[in-house]
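Worksheet: one structure, shown below.
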Amino acid sequence: MKKRINIRYQMCLFLMSFLSLLCYAKGNNGFVTLKINGETYNFETADSPEEKGKGLMFRENLDTDSGMLFIFDQDQILRFYMKNTYIPLDIAFIDSEFKILDIQEMEPLNEQTITSKYKVKYALEVNRGFFSGTGIKVGDEIEYISGENLN
């Protein structure tokens, strides 16, 4: 009888640990950790049509070293605009090899389309001046550390 209770207890602990792990993993969805020029950053991700459509709209501020990485299925010409976006932003267009191909400034509430110069798979929106302030520039490569699957 004691052995049976011990096995049930161990199974219960295993299931609780497994469920905790699942909850932790689920809680990390929506974020990615990237290394750029030796510095590590955490960015929100947008990969569903709804997330990509909303982006950083309606926000009144954005933490200094944060931003949003938009993830697409394949390299393509990307188009963005700043409708209902109150924060001045910079956007980096990044190819499937994680190389920054283009950086552009975006004006708050401007509905003029910003188009990537090249086919890219990712776009990273950050506060205006983030790239120049950190020394990140066209040609730099990004290293994926952890978080949402980028493939």
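The table for this structure:
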| quantity | calculated |
| --- | --- |
| In order through region 97-103: 3J(HN,Hα) via Karplus (6.51 cos²θ - 1.76 cosθ + 1.60), integer Hz, x for Gly, Pro | 9, 6, 10, 6, 9, 7, 10 |
| Fewest-first ranking of T33, T85, T40, using other Cβ atoms within 10 Å as the exposure measure | T40, T33, T85 |
| Distance cut-off 16 Å, percentage of C-alpha pairs in region 43-109 lying past it | 49 percent |
| Rel. contact order, % - alpha carbon contacts under 8 angstrom, at least six apart, region 29-147 | 32 percent |
| Region 86-142 - convex hull of the alpha-carbon atoms, volume per residue in Å³ | 70 Å³ |
| Sequence-distant residues sharing a close amide H with I114 (under 5 Å, placed H) | F80, Y81 |
| Selection from G30, I136, I103, by position along the positive dipole direction of region 29-147 (Cβ) | I103 |
| Rough spin-label spacing in nm, given labels placed 7 Å along Cα→Cβ, for K54 and L109 | 2.2 nm |
| Calculated FRET value between T64 and K119, using beta carbons and R₀ = 30 Å, to 0.05 | 0.45 |
| Computed E for R128/R79 - FRET, C-beta separation, R0 25 angstrom, nearest 0.05 | 0.80 |
| Region 29-110: GluC sites (Glu not before Pro) in DSSP loop, at most 14 other beta carbons within 10 Å | E60, E97 |
| Relative packing of 90-96, 75-81, which averages over residues the other C-beta atoms within 10 Å, highest first | 90-96, 75-81 |
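We did not get these values from a lab; they are worked out from the coordinates using the rules stated. The structure displayed is predicted, hence computed values, not measured ones. Cβ: placed from backbone, ideal geometry, glycine included. Neighbour counts: every protein chain shown.
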